[in-house]
Every structure is written in structure tokens, then in C-alpha cells.
1. Taking H placed 1.01 Å from N in the peptide plane, check which residues at least 5 places from Gly355 or on another chain put their amide H under 5 Å from its amide H.
2. For region 1-80, just say rounded, prolate or oblate: build the C-alpha gyration tensor, square-root its eigenvalues into a ≥ b ≥ c, call rounded for a/c under 1.5, and beyond that prolate if a/b exceeds b/c, oblate if not.
3. To test your reading of the geometry: what angle, between 0 and 90 degrees and rounded to tens, separates the Cα axis of helix 327-340 from the longest principal axis of the chain?
4. Using a 1.4 Å probe, how large is the accessible area of Lys167, given in Å² and rounded to the nearest 10?
5. Once you order the gyration tensor axes a ≥ b ≥ c over the Cα atoms, which shape class does region 337-414 get: rounded for a/c under 1.5, otherwise prolate or oblate by comparing a/b with b/c?
6. Can you pull the percent of the chain's accessible area that's carbon plus sulfur, 1.4 Å probe, other chains left in place?
7. Just how much of Phe285 is accessible, in Å², when a 1.4 Å probe is used and the result is rounded to the nearest 10?
8. For Ser82, list long-range residues whose amide hydrogen, built 1.01 Å from N in the peptide plane, is under 5 Å from its own amide hydrogen.
Amino acid sequence: MLQSSSLFAIRPEINTLQPNLVKWRRQLHQFPELGFQEKRTASLISAQLTAYGIPHQTAIAQTGIVATITGTKARIENAPESQGIKLNNSQHPVFAIRADMDALPIQEENITDYRSQIERMMHACGHDGHTAIAIGTAIYLWQNRHNLAGTVKIIFQPAEEGPGGAKPMVEAGVLKNPDVDAMIGLHLWNNLPLGTVGVRTGALMAAVELFDCKIIGRGGHGAMPHQTIDAILVAAQVINALQAIASRNIDPLEAAVVTVGQFQAGSARNVIADTANLSGTVRYFKPELADFLAQRIEQVIAGVCQSQGASYELDYHRIYPPVINHPVVTDLVRSLAREVIETDLGIVPECQTMGGEDMSYFLEKVPGCYFFLGAANAAKKLDYPHHHPKFDFDETALAAGVEIFCRAAESFCS
Ligand SMILES: [Zn+2]
Ligand SMILES: [Zn+2]
């Protein structure tokens, strides 16, 4: 029944979808849209769902869409759980699949016939592929709903790259009515070659936090420093002291990053700066570190400023929590991916990155698993990193994404 390529075991009906997956991905690629502006993207999704008669709701959290596929198969086993996950309704498991839809403010440098038609706008992260995979998954599952003993919600989420669409989708109730029992999502991943899946239990991606700090000294003449409080010197000491947080306050077996990426101060060679502005980002995996790191950063800034007679203003923003995979759903994804991926490299264990993702807001609410689907192909020069102006991926991965999503939905809704 399964067709085996050298890379993936994909059923014929899903292989048949592959030309359409490529077509939708390229249509989306040509007309990228930023977060909460995905109107054209949402129309394409809705048009496809409508063409197949798939029930769906649009304009959720502005541009989000949820397709709801209710299986027609009766559940044989009236067990209170499915695949080891406790169900809200023992007769009717509810599974969710998430795709993000937005692009980035980047000028594309690829020369392909499907390159971006919009200036300074580009699908440089692969979310066009995620949307195509989710459309294909919705179509397959809808056409085969007689094999589903449960409901599958396909969630198309806006604004992953910012300001964040997952949280407003959760707040709009997409995980309710019927209540979602378990959830998965994937990222096409150019850090892994085509023919691999990267996944791990626990933290897969880091929390993302940002800070902006203004150091306030007292400016003056460059030749009379004793009359001033040099904001540049204070800020330099703050930057040095912040580096000791990750290296001296965090267990070396844990991971944390404190990066100062911007430092702006001064106006002339012979003037001591009155103020200095620092901006940076903080990353970590362990949710317990959230309060500690934010507090420690402020303590360090306050302590250095006090020692120098300076003052400060600090804005600290929590952007996304860490992406934490549930062990049971992760085991399910891992075992299904092992059936689909037929390469020697196969499943890359303990895959982890300090990048962030707002899939975390869904995974805070329901047990789930987010995983990376290898999409790089160096031989075809499709291996530029995400967010690079020449980013592109091997579209062969699209059907594999649909296959893994469909298998997960069928296993859970059984
Ligand atoms: Zn991205
Ligand atoms: Zn992304």
C-alpha cells in the first residue's frame, strides 16, 4: 500500500497531493505577508478548504483559521485515554495540528520563478511550506474521515515571527469546543538534511525575552571627567557584569544566554556621554529560570549603576515561553516518524535550539510535541539558514510532513 521513495514511506494518496503542495507553497511564497496582515494567505487557505467542502472558521485573532474535521468512525475502545493521553471525552478524542502563516521583512535574493513579488518581504522561514502541509493534511483527513474516530482541528496561526499569534488564538478559544486533548506542529528545518526528523522530550526551543536599558549618568567635558558620571563607562561595566549571569549564576548543565546586541551612546570625541542605551535578548530552556533571570539582570544593572552614582530605566519583555514537548506525545511522534523516514540518518535525537517559537503557548495548555522536519539539500544549494535572503528548502519534505501529521491524527483518533 505504501510507496517507498529512497527517503520517505508515503501513501499514494498523499504522494498524489505533492504537486498541489508545491503549487500552494509557491503561490504563498510569491505573496508573503507579515504578522496579522495574512489576508491573501488566509484567502488561499479558505478557498482550498471551501473547494473540498471542509468546515472552517476564518478571521480568528484577525487572520487565523481553524478547520474542524469530525471523524465518522465509531470509537471501538471506550477507554478514558488515547495513546497514553487522558481524554476530555472518552468517546471522542480531539487532536490538533498547528501551522504558522506569516513571512518576514527581508528582501529575497533568490532568482526563481516563484520568488517573492513583494519588495522587502519574504517567506524566509518556511511558513509557506507549513501552511501548504496543513492544507494538504486537512484535505487528506477530510477525504478519509471515515477512518477517524474523533475530531481533528487544523489551526492556521498568524504572526509567529512577531508580535505573536499563538497566544491570541488560544485566547480566542481555538483549543475549546471541542476541547483539544493533544497537539502537534512542525518546523521545516534547514539545520537538518532532507530525510531526517529532529525531536526531543522536554525543552525543544528556548524562551525568548528582550530588554531595553537606558543608563543615566551626567555628561560633561571630555577633559574634566571628575565633574561627570560617564554613562559609557557604566554601561561597559554593566555589559561585562551581565556576562557573569550565564557563566556564574546558572548551573553549567543548564543553558542560558544573555546577549547585549545593541549599545548606543555618545555624540562627540571630547564629550562624556550623559546616557547610554543597551538592548539585548535572553534565552533559556527551563521555565523555572524565568523569574530568576529577569530579577538577576535588574539586580546587576542596579548594583553597577549604584556603585557609579548612575541611575537606569529598564524595560523587560517576555516574548515567548520555552517550547516544552510532552513525553507521551513525543514518543508517538518519534515512533511514527521512524516509520515514515527511511534514511540512515533517520531521527536526530536530542535536537534542541536556542531559537524561540510561540507554539509554546499551545503546549502550555495541552500536551503536545513540536518537531523539526529536515529540509536542507546542499547538493541543490537549498541549505541557507532560516531568515537568510537566499533561504529556500527542498519541497520533497512537504509530503513527508503531511504523512507524519496524518499518521499522528489517525493514531490519536482511533
Ligand atoms: Zn523564523
Ligand atoms: Zn519559523
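1. Ala206
2. oblate
3. Once rounded, the angle reads 60 degrees.
4. 90
5. Oblate is the answer for region 337-414, as a/c is 1.5 or above yet b/c matches or exceeds a/b.
6. 50
7. The accessible area of Phe285 comes to roughly 30 Å².
8. Those qualifying (amide H under 5 Å, at least 5 residues apart or on another chain) are Leu87.
The values are calculated or read from the model by the stated rules, or taken from the named source; none is laboratory data. Bear in mind the structure is a predicted one, so any value in this text is a computation, not a measurement. Every residue, glycine among them, receives a Cβ derived from its backbone with ideal geometry; neighbour counts consider all protein chains shown. Keep in mind that these areas ignore ligands, DNA and RNA; they rest on the heavy atoms of the full protein, side chains included. Shrake-Rupley method; radii C 1.70, N 1.55, O 1.52, S 1.80 Å.
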